[in-house]
Amino acid sequence: MTDQRNCKSVSPQRRRLLKAGAAAVALPFPAVLRAQSSALKVGVILPTSGVLSFPGLATKRGTELAVKMFLEQGVRLDVSYVDTESKAENGRVAAEKLIREGCGILVGAWDSGTTISAAQAAEAARVPLVVNIGSAPQITEQGFTQVFRNFTSAVQLVTNTVARIKELPRSRDFDPKTTVIMHVNDTFGQAMFGGVKALWEKLGVGIRIVDTISYDARARDLSVEVAKAKATGADIVAPITRVNDAILIVREMVKQDYNPMAIIGPGSPGPYEKAFTDALGKYSNDYIVCVPWYDPSHPMTRRVLDRWRKEFPNERFELNSGFGWEGIQVVADAYQRAKSTRPADLHAALRQTNVTNHIMFGGPIVFDAKGQNNNIGGPMIQIQNQEPVVIAPNDIAQGRAVLPMTRWSARG
């Protein structure tokens, strides 16, 4: 039972100090967020079934966690999700549905083709679309005025990737001279391949591309493609993949006993996902990817990771979940500043975005005239002990690169 006499004995100034102190302890973020009088309706478009369901569901989990954490700080977001079934043409259908339901802002759509489709509907209705993941140049190069992409363009992604490959430490046992590029032939894969090919020599990597091999995004057997790669004798295999085809490639490499010096995915989603390491076990180790990633040294990242482990103890926090989380942070920040649920007001606020305290590696979240955030970094990740580990840049590295990769037959 509360002692009313003790409550009355506390001075008004003391009560104010106690209240402020309690609030400071409760807030997991440095900025004080004021409670909103009404909820902002947010439409989230993701592939939660079909061939892209693994990363789509991971992105959804990151989104859900952010919604919950910002609600605890007074930011009320009423979120509706639509599944695109991993079909690009469903992006526009999903966006139109959410707009009809009154969503003042959209978030999505993971896949580049789907995002472009959704952007067309957002543009027609003049409703902002915050892109959480999607790297094709067309997303910000087609003149859309409603698009705000908090993800790297293919050019950024490739530039970061090629630079990291160039920086790889050479040794007596690891001094690669040649590489073969394998790539999925969808919108993402074609854009990434074109960028890698253009920048490879321009940036002076010093490793010759001896062949390029493309394959269908829905392929279920890549034995022929892997055999072609093996026949080149290339020192490095550079696959531009998603998670399912990355698994197929490694399984075929093991089956065919193809042991290059390294497998390095230039900007490839997939190998850092739990589905990849669960499917391949010890054969997932030593695979390298150069992708945007969370900053493991940042205090906010550690707070989010701690909460993630409580909410999703059996899931991995990675690129997809990280940008899912940060996409909601961008929305919450704009909503706080706009103090409105009107799309036009949210659009104006998004134009003024400048978020310096966030979890993904890179500079402040700022959108240029085309709606692109150009400040996203590109760490290098290697799978070690079946977990993704940052190996570059040095200031956030969690471990050292294992090069050359361990031969398949020597993995126990």
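Rule-based calculations on the coordinates, nothing more; no lab input. All of these numbers come straight from a predicted model, not from anything done at the bench. For neighbour counting, all protein chains shown are included, and Cβ atoms are generated from backbone atoms with ideal geometry for every residue, glycine included.
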- Query: Do you know the relative contact order of the chain, to the nearest whole percent, from alpha carbon pairs under 8 angstrom that are 6+ apart?
  - Reply: 17
- Note on the structure: Over 18 Å (Cα to Cα) among Lys97/Lys339; Lys177/Lys202; Lys87/Lys370 -> Lys97/Lys339; Lys87/Lys370
- Note on the structure: Classified through the alpha carbon gyration tensor (a ≥ b ≥ c as square roots of its eigenvalues; rounded if a/c is under 1.5, else prolate when a/b is larger than b/c, else oblate), segment 174-302 comes out rounded
- Query: Build a GNM of the chain with springs between Cα atoms under 10 Å: which of Lys339, Lys68, Lys202 gets the top mean-square fluctuation?
  - Reply: Lys202
- Task: May I ask for the Rg/Rh ratio of the chain, computed from Cα atoms with Rh as the Kirkwood radius, given to two decimals?
- Result: 1.02
- Task: Springs between alpha-carbon atoms under 10 Å, Gaussian network over the chain: tell me which of Met360, Met380, Met69 tops the mean-square fluctuations.
- Result: Met69
- Task: Starting from the Cα gyration tensor of segment 313-376, take the square roots of the eigenvalues, sort them a ≥ b ≥ c, and report rounded, prolate or oblate (rounded when a/c is under 1.5, otherwise prolate if a/b is larger than b/c, else oblate).
- Result: oblate
- With the Cα gyration tensor of segment 330-412 giving a ≥ b ≥ c as the square roots of its eigenvalues, does the rule (a/c under 1.5 for rounded; else a/b larger than b/c for prolate; else oblate) give rounded, prolate or oblate? prolate
- Message: On a straight-distance basis, which lysines could pair with Lys255 in a cross-link, Cα separation under 24 angstrom, same-chain partners fewer than 8 positions away excluded?
- Response: Lys228, Lys230, Lys274, Lys282
- Note on the structure: In debye to the nearest 20, the charge dipole size for segment 88-161, taken about the Cα centre with +1 at each Lys and Arg Cβ and -1 at each Asp and Glu Cβ, equals 120
- Query: What's the longest piece of the chain with no exposed GluC sites (Glu not before Pro), counting a site as exposed if DSSP puts it in a loop and it has at most 14 other beta carbons within 10 Å?
  - Reply: 102-412
- DSSP beta bridge pairing in the chain, given as percent antiparallel to the nearest 5: 25
- Item | Selected from Gly378, Gly50, Gly265 as most flexible by GNM, with the chain as the system and alpha-carbon contacts under 10 Å | Gly50
- Which loop trypsin sites (Lys or Arg not before Pro) in segment 221-321, with loop taken from DSSP, have no more than 10 other Cβ atoms within 10 angstrom of their Cβ? none
- Message: Within 13 Å, Cβ to Cβ, of Arg149, how many net charges do the neighbouring residues add up to if Lys/Arg are +1 and Asp/Glu are -1?
- Response: -2
- Query: Measuring from centroid to centroid over Cα atoms, what is the spacing of segment 333-373 and segment 206-265 in Å?
  - Reply: 39
